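Below is one structure, written out as structure tokens; the observations come after it.
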Amino acid sequence: MPTRFHLGWFASYSVGDWNASFSSGERPWSGEPYIDMAKALERACFDFILFEDTLMISEAYGGSTEAYLKYAVASPKSDPAPLVAVLGNHTRHLGVAATLSTISYHPFTLARLCATLDNISNGRFGWNIVTSGEDLAAQNLGMDELPPRELRYDMADEYVALCNQLWASWAPDAVVLDRQTNTYADYRKVKPIHFAGKYYKCRGPLNCVPPVQGRPVFIQAGGSPRGRAFAAEIADCVVATSAGVKAMKEYRDDIRRRATAFGRNPDDIKVLFVVTPIVSDTDEAAKAMLDAYATSDTFRIRYLSSISAVTDIDFSQFELDAELPRLTTNGEQGSLDAFAQWGSKKTLRQLIVDRATRGLGGLTGTPESVAAYLAEVMEEVGGDGFLITSPFQKYNSRYVATICDGLVPALQRRGLTRTRYTGRTFRETLLEF
């Protein structure tokens, strides 16, 4: 019996693949293209769709905003929270998740927003917890720079603890709806929390009813050792970069070891690896598609500007045909490590091409060959699934169709992914297997 695995989609509420004739990029901000996308993902029985987010227009690459606006790299993009509310109302089973930064909301405001979104979606909302990794984002919010990464995680520990107390400030049976006594809620079961921590303070209680799920699904992408500890302690789902099967297995095993040390059941944490399968009618056609974009100047500039943005390192300063010097960042160290492949002796140009396949050479081919390869990868890694994304998380209707109508049916025929939903909430869907 094959081991089933989970599927999510990693997206961005951005302009989409606007410069392609098959795109719906003329009015992406209406949300309509994403409604069609969410319905397609639900037909294919994906667990969820996750929208990443950032809070600035970067100028890390080349010291300018030119690449980011010319190529629409992470700019412009809109707030994903209203979008997932819309998508939740146009689907019935698909989980909907938004990236919300701990530096941009007070915990009370975020807890209230998450509760609202979980109730709108009837228990299908997930919070992708980020602390942000860019000084420009901090400057947009009135700070001179971000706190150091370790401190940001210490603050996030307290932040999540406060949110959990707010969601629990209403007892499960607080809403009584007793028409005989004209009582909506029992005031004795809605209580202040009087939270006073090192970084945050809040009286409570929450002034809206708690989420359907008790709390939203927690999603986290921990790359550094401190980030991994944070993910292992609190996450229901971990977003992981793919950098070859060996590294994937080591990462998942590490998260599970850390979760066990925190007293958690490691099976309750689903580690999903970000991949970009390229599928077509023949292996040759798929390879031609991969080569067309992986070796192009546009791909090179888009990728380097993207990794520059999340690390605050200007990759335009390095020679393409030389190895990278050893680098560290106060931004996304895990993303930097996955990209740089320290010790591999690869040049920057080779590293860029590698990111097109994320270290997984079998991701290009026919639906059947790619499905077989994904099965082999999951068997070796041990679980738990994949987060599929189009290049740079951009909306592209043709790419969505090749996955939902091509690859996923091939996976389903092999018994690798679900063919129907059995859970009512996002959390139940994640924990189904």
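The values are calculated or read from the model by the stated rules, or taken from the named source; none is laboratory data. No experiment lies behind these values; they were computed from the predicted model shown. Cβ: placed from backbone, ideal geometry, glycine included. Neighbour counts: every protein chain shown.
A few remarks follow.
- Qualifying residue in region 297-309 (condition: within 22 Å of ASN19 (Cβ to Cβ), free of Cβ contacts under 8 Å to residues at least 24 places away in the same chain and small (Gly, Ala, Ser)): no
- Every listed requirement among (1) aliphatic (A, V, I, L, M); (2) over 19 Å from the mean Cα position of the chain (by Cα); (3) crowded, with 18+ Cβ neighbours inside 10 Å is met by LEU87 save one, (2).
- Region 213-232 - residue that is at pLDDT below 95 and in a helix (DSSP H, G or I) and, of those, surrounded by the most Cβ atoms within 10 Å (Cβ to Cβ): GLY227
- Within region 304-351, the only residue that satisfies the criterion of being of a type in the set (D, E, K, R), in contact with a helix residue (DSSP H, G or I) (Cβ under 9 Å, 6 or more places away or on another chain) and in a helix (DSSP H, G or I) is ARG349.
- Residue in region 352-384 that is surrounded by the most Cβ atoms within 10 Å (Cβ to Cβ), counting only those that are outside any loop (DSSP other than H, G, I, E, B) and acidic (Asp, Glu): ASP354
- Subset tally (residues that are part of a helix (DSSP H, G or I) and either acidic (Asp, Glu) or free of Cβ contacts under 8 Å to residues at least 12 places away in the same chain (or both)) for region 153-191: 5
- Looking across region 107-160 at every residue that is of a type in the set (S, T, N, Q) and in contact with a helix residue (DSSP H, G or I) (Cβ under 6 Å, 6 or more places away or on another chain), the one that is modelled with the highest pLDDT is identified as SER121.
- Unique residue being touching a residue at least 12 places away in the same chain (Cβ under 8 Å) and more than 27 Å from GLY244 (Cβ to Cβ) when the list is THR425, THR402, THR389, THR417: THR425
- Single match in LEU387, LEU416 (criterion: surrounded by fewer than 22 Cβ atoms within 10 Å (Cβ to Cβ) and outside any helix (DSSP H, G or I)): LEU416
For every residue, the table says whether it meets (1) modelled with pLDDT under 90; (2) not small (Gly, Ala, Ser).
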site	(1), (2)
TYR293	yes, yes
THR298	yes, yes
SER305	no, no
THR311	no, yes
PHE315	no, yes
PHE318	no, yes
THR329	no, yes
LYS346	no, yes
ARG349	no, yes
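- Meets criteria (among the aromatic types (Phe, Trp, Tyr) and closer than 24 Å to ARG92 by Cβ) for PHE339: no
- Pairs linking a residue in region 222-245 that is free of Cβ contacts under 8 Å to residues at least 40 places away in the same chain to a residue that is surrounded by fewer than 21 Cβ atoms within 10 Å (Cβ to Cβ) and in a strand (DSSP E or B), with Cβ atoms under 8 Å and 6 or more positions apart or on different chains, are ALA240/VAL274.
- Tallying residues that are closer than 18 Å to PHE51 by Cβ and part of a helix (DSSP H, G or I) within region 390-400 yields 6.
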